[in-house]
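Note sheet for the following structure.
The values are calculated or read from the model by the stated rules, or taken from the named source; none is laboratory data. Here the structure is a predicted model, which means the values were calculated and not measured. Note that each Cβ is placed from the backbone with ideal geometry, even for glycine, and that neighbours are counted across all protein chains shown. Accessible surface is based on the protein model in full, side chains and every heavy atom, while ligands, DNA and RNA are left aside. Shrake-Rupley method; radii C 1.70, N 1.55, O 1.52, S 1.80 Å.
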Amino acid sequence: MSAPLSAAEPTDADRPHGQPRPQAEAVEPASARALRALPPPPPAPPAPPVAFDAPVPLDAPATDAATQADEDLDESPPATADSPEVHRAWLQRIRELRDAGRLREARESLAEWRNRYPWLAVPDDLKPLADPP
């Protein structure tokens, strides 16, 4: 048994000869059909967490990491320009300049060293640089 036709739908007898029968739906392009057949893409990965430290209230107690860092610190102060280590390092650099044949730079550096530390004696091996040529 066929479904009854409504009066609004034309039948084959109502269409002029040679005219194609109208289609109920538009033809879907092959590319659209292919896209519908593909599975949906995977969801995007989550954004990485923001890397920053949360503010700590001033009256908050010290954390274990902060306490450990304080305990690991050396009690001696950092080297200053007046420390013997700095004096020796500067003199060693003057020797390196001299040994590399950069006599003008070695003399200028020694002159500056003498200006900053007039109370220190020039080492014997650098005295020839202290005297003008």
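Considering the range 103-120 alone, what residues qualify as being of a type in the set (G, A, S) and under 15 Å from V86 (Cα atoms)? Can you show your working first?
Our first condition is that a residue be of a type in the set (G, A, S); within the range 103-120, this holds for 106, 109, 111.
Correct list: S109 only.
If I filter the range 121-133 down to residues being over 12 Å from H87 (Cβ atoms) and assigned to a loop (DSSP other than H, G, I, E, B), which single residue comes out as most open to solvent (accessible area, probe 1.4 Å)?
P133
Kindly list, by first and then second residue, each pair from a residue in the range 95-117 that is without any contact (Cβ under 8 Å) to a residue 60 or more places away in the chain and hydroxyl-bearing (S, T, Y) to a residue that is in a helix (DSSP H, G or I) and open to solvent by 70 Å² or more (accessible area, probe 1.4 Å), limited to pairs with Cβ atoms under 7 Å and residues at least 6 apart or on different chains.
S109/R93
State which residue is least open to solvent (accessible area, probe 1.4 Å) when the search covers only the range 92-120 and only residues that are of a type in the set (K, R) and assigned to a helix (DSSP H, G or I). If you could, list the steps in order and put the result at the bottom.
Taking the range 92-120 as the starting set, the residues that turn out to be of a type in the set (K, R) are 93, 95, 98, 102, 104, 107, 114, 116.
After this cut, where a residue has to be assigned to a helix (DSSP H, G or I) as well, the list is 93, 95, 98, 104, 107, 114, 116.
Working: R93: 110, R95: 51, R98: 66, R104: 152, R107: 75, R114: 111, R116: 134 Å².
Result: R95.
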